[in-house]
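Before any comments, here is the structure.
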Amino acid sequence: MRYTAEEKAIVDAWPTVTAEDIENINNLFPHHLFFRSSKGADYMELWSSCCGRHEHYQILQRTEDNRHWDITAQRHNAKVQCPYCGRSATMKSLSKSGKRKSLEAYLLVMVLHSGQDAMYGDALCITKNYETEADLTAKPLYRCDSGYRFAMGHVMQIDHWGSAMYVTHERESLGRQKRVREPFKSGSMSGYVYPPYHVLNREVLDQHPAFRYSAYFTNWQYRPFGPRGYAQLFSDFVSYFTAYSIYPKQVEMLCKAGLWGPLTDMVVHRKKNAAALDWSEPDIRKAMRLTKAELKQFLQKCYPIAVLELRNYAERHWGKSWTLDNCARRLEDWGCNWREIARFITKHRLSPRKLEEYLILQICFRDPDVFISLDDAFEIYRDYLNAAYEIGHCLEHSAVLYPDDLCQAHDDATREQTRLHEKALSNQQAISTKERAEKYEFELDGMKIIFPKTAGAIKREGTKLNHCVGGYAKRHIEGVLTILFLRWSDEPTTPYVTIEMRGNRINQIHGFNNDWAGQNPQQKHKEFLETWLRWLRAGSKRDADGIPILPKVRKRKDVAA
Ligand SMILES: [Zn+2]
């Protein structure tokens, strides 16, 4: 490894692990008081792992106090206080503890040191064993895994691999990819593991002018679902201080304001929420483009950060200046696909408000008995508009964009779209219904998959289950898509769950009323469906009697090349 001049200077000035550090590390281990006694002797031999003493301990009959008695009682595994340093320890008889393999211990520790204008962290793997007599009182052994230097605007990590060293930097701004990472990496390319570790010399943080307000052990640990200060082990120390070194003011302010969402996104996932938050702006209010009152409101109502994203989007693409309340309400109505909806609105140059009002009138409250949510209504609308576009309607006309009867227009347009698809398909060889049925039909453990052979069967299924599958009947018969029925084997004629397939993939799966207030059938029958899909993908093999032959389950997952 060749260092640059800058790296060489930093490595040369790196603080060393001191004897005091080792002493403190030793204190993280459970302490033992080893003993051996000789017959008839008025002393016992003691070794203390806490303070490293090896001495003859006088067994005095008349002057002994309770503590003295605890030790001279010579009970293996008794809890006592070390006679030399007073720390709690466990008595271990050398004659009973063999080679003391079970006492061997292993710890991961981050030791902090203060430097001129930086904070240093050494990630050490520590071991203690008690095999020989010398080991009984020896200090723990350590190996340096990684070293970190946190300075304002620059974080450096040195990894030690045997005698080789690798240096990584993060400077000025943080990207999506973490270059400086947590220490103690193990595992393989397919999945690295970063085990948690102790953090020693925490007072370095309080005393360091640059890190005094980093709030890691105060605010950050007390975030919702955080360890609330009880933690002994940490797994995000490096990630947090990397973010803090690059964006000190921003992290401080987010921490202080309790905006844990965007802060966690940054620290853990390196997600910047750039559409909502400007990380290059140290003043959080300016970074979020909020007035003082708005920030207060934002914090009080615990808005998700997406509220700001939608506000910015509306401003940039539609020239609207929506209030936070307004954005929050829309986020709720538009559901988790709100970004898609927003992009769709932009693409077709629609008015968000007009579209909302239109969909509410046409779909959401069309049937007084069934309320359909806005995001579902939007999907129907998008289906319609895509179909209208495909069949050649002009999307500039408001009569096309906002038809008087959307449901009617939807059915007409999708029917016409299907007809066009069929026309395109007519050149291809039609697959016979029998072949398709053989490909899909399946039965296992009391459930079966049925391939409907008539449009009437599909329409009946739609009516019974109160969902829209009826509209797919024609396309199913034509082979544009495939509709399947999932039913109980003992009630093969009773509609239960309907599946729409695209090739070997489930495109939609719904039970009664589109699973309104019910459990998702894909989850409920996960095992059956997965077995069936695996069989399907393996080529729908059957034996001579037509019984499906299940493919063997492979132990290891194939790794994608
Ligand atoms: Zn001691």
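Every read-out reported here was derived from the displayed coordinates using simple, explicitly stated rules and does not represent laboratory data. Predicted, not measured: the structure shown is a model, and the values here were computed from it. Cβ atoms come from the backbone with ideal geometry, glycine included; neighbour counts cover every protein chain shown.
Quick notes
- As a rough footprinting exposure proxy, the listed residues R316, R176, R53 were ranked by other beta carbons within 10 Å of their own, and the order from fewest upward is R176, R316, R53.
- If you wrap the Cα atoms of region 193-295 in a convex hull and average its projected area over all directions, you get 7.1 nm².
- Estimated translational D of region 383-487 in µm²/s (Stokes, Kirkwood radius over Cα pairs; 20 °C; 1.002 mPa s): 139
- Helix 324-334 vs. the chain, principal-axis angle (Cα, 0 to 90°, nearest 10): 60
- Under 29 Å between alpha carbons - lysine pairs in region 319-466 that sit 8 or more apart or on different chains: 18
- Relative contact order computed over the chain (Cα-Cα under 8 Å; 6+ residues apart), in percent: 6
- Separation between Cα centres of region 135-183 and region 209-236, rounded to whole Å: 20
- Loop chymotrypsin sites (Phe, Trp or Tyr not before Pro), region 363-430 (other Cβ atoms within 10 Å of the site Cβ: 14 or fewer; DSSP): F365, F371
- Sorted from longest to shortest, the spans of the Cα atoms of region 258-351 along the three principal axes equal 37, 30, 23 Å.
- Reported value for region 108-150: 67 Å³ per residue, from the convex hull of its C-alpha atoms.
- Projected-area mean, region 433-537, by convex hull of Cα positions, square nanometres: 5.9
- Annotation: average projected area of region 83-174 is 9.3 square nanometres, based on the convex hull of Cα atoms across all directions.
- Loop sites in region 470-550: trypsin sites (Lys or Arg not before Pro), DSSP, at most 12 other Cβ within 10 Å: K541
- Packing-based order for 130-137, 392-399, using average beta carbon neighbours within 10 Å, highest first: 130-137, 392-399
- Here the contact order of region 433-537, divided by its residue count and restricted to Cα pairs under 8 Å and six or more residues apart, works out to 22 percent.
- Ordered by the number of other Cβ atoms lying within 10 Å of each residue's own Cβ, fewest first, E527, E478 fall into the sequence E527, E478.
- Candidates per trypsin sites (Lys or Arg not before Pro) in region 1-51, loop by DSSP, up to 14 other Cβ within 10 Å: R2, K39
- Where Rh is the Kirkwood radius over Cα pairs, Rg/Rh for the chain: 1.13
- Neighbour counts of C-beta atoms inside 10 Å place E23, E435 in the sequence E435, E23, starting with the fewest.
- Other residues whose C-beta falls under 13 angstrom from the C-beta of L141 contribute a net charge of 0, scoring Lys and Arg +1 and Asp and Glu -1.
- Of K526/K552; K474/K541; K101/K139, those spanning more than 23 Å from alpha-carbon to alpha-carbon: K474/K541
- Straight-distance candidates among the lysines for linking to K256, with alpha-carbon spacing under 26 Å and chain neighbours fewer than 8 residues away dropped: K178, K271, K272, K286, K292, K296, K301.
- Scaled against 2.2 N^0.38 Å for its residue count N, the alpha carbon radius of gyration of region 145-252 is 1.10.
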